[in-house]
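Structure first, then comments.
Computed from the coordinates by the stated procedures, all read-outs in this text should not be read as laboratory data. All figures in this text were calculated on a predicted structure; none of them were measured in a lab. Positions of Cβ are generated from backbone atoms using ideal geometry, with glycine treated the same way; all protein chains shown enter the neighbour counts.
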Amino acid sequence: MSDIELLEIAKSMCDKAYAPYSKFYVGAALLTDDDKVFTGCNIENASYGATNCAERTAMFKAVSEGYTHFKKIAVAAKDGSTAYPCGVCRQVMNEFMYDGEVILEEAGEVIKYTVKELLPHGFTL
Ligand code: THU
């Protein structure tokens, strides 16, 4: 699965986003170490703090199915802006894809960061 293919899946997931409050529609797609793809979208709530980001939806779906090691995750916003993961999602990435990569789009170009670049000195026990 190439970075572009994963990003295309992430983009298609924006249509599943439940974001009636922010109207910021986000999709994510991750690749596990054993090459299985899990997808996610942001899921908002009237109690704003109960909102779940697209990245965590995808990661938690994978973990709940028994997959706990991921190679990469692609994230896309419907409006074409670069969907840099929030701090909480970065910390969850630190847990399940410490050596992994994050695939994003910037001005039509695929850009890539390591999780370590996005969260230096992430918390571990
Ligand atoms: N959001 C994500 O799903 N992922 C990100 O990387 C950034 C933010 C969502 C959360 C909320 O539903 C909306 O975008 C606006 O913050």
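Take the conditions (1) more than 20 Å from Met1 (Cβ to Cβ); (2) in contact with a Phe, Trp or Tyr (Cβ under 7 Å, 6 or more places away or on another chain); Asn52 misses just one of them, which is (2). Every condition in (1) within 12 Å of the ligand (Cβ to nearest atom); (2) under 24 Å from Gly122 (Cα atoms); (3) in contact (Cβ under 8 Å) with a residue 24 or more places away in the chain holds for Leu31 except the one numbered (1). Taking the criterion of being more than 8 Å from the ligand (Cβ to nearest atom), under 23 Å from Asp99 (Cα atoms) and assigned to a loop (DSSP other than H, G, I, E, B), would at least one residue in the range 55-65 satisfy it? Looking through the range 55-65, at least one residue is more than 8 Å from the ligand (Cβ to nearest atom), under 23 Å from Asp99 (Cα atoms) and assigned to a loop (DSSP other than H, G, I, E, B). Filter the range 85-115 for residues that are within 12 Å of the chain's Cα centre (by Cα) and assigned to a strand (DSSP E or B); which is surrounded by the most Cβ atoms within 10 Å (Cβ to Cβ)? In this case the residue turns out to be Val102.
Which residues, counting only those in the range 56-84, are among the small types (Gly, Ala, Ser) and crowded, with 18+ Cβ neighbours inside 10 Å?
Residues of the range 56-84 among the small types (Gly, Ala, Ser): 58, 62, 64, 66, 74, 76-77, 80-81, 83.
Those that are among the small types (Gly, Ala, Ser) and crowded, with 18+ Cβ neighbours inside 10 Å: Ala58, Ala62, Ala74, Ala76, Ala77, Ala83.
Here Lys72 passes the criteria (1) more than 21 Å from Ala19 (Cα to Cα); (2) in contact with a strand residue (DSSP E or B) (Cβ under 6 Å, 6 or more places away or on another chain); (3) not in a strand (DSSP E or B) except the one numbered (3).
Filtered by the rule that a residue be surrounded by fewer than 24 Cβ atoms within 10 Å (Cβ to Cβ) and not in a loop (DSSP other than H, G, I, E, B), the range 21-37 gives Thr32, Val37. Could you list, in sequence order, all residues of the range 66-86 that are away from the ligand (no atom under 13 Å from the Cβ) and among the β-branched types (Val, Ile, Thr)? Residue satisfying the conditions is Thr68 alone. Can you find, within the range 1-20, the residue that is farthest from Tyr84 (Cα to Cα) among those that are crowded, with 19+ Cβ neighbours inside 10 Å and small (Gly, Ala, Ser)? Top of the filtered list is Ala17. Screening Ser47 against (1) more than 10 Å from the ligand (Cβ to nearest atom); (2) surrounded by 17 or more Cβ atoms within 10 Å (Cβ to Cβ) leaves a single unmet condition, (2).
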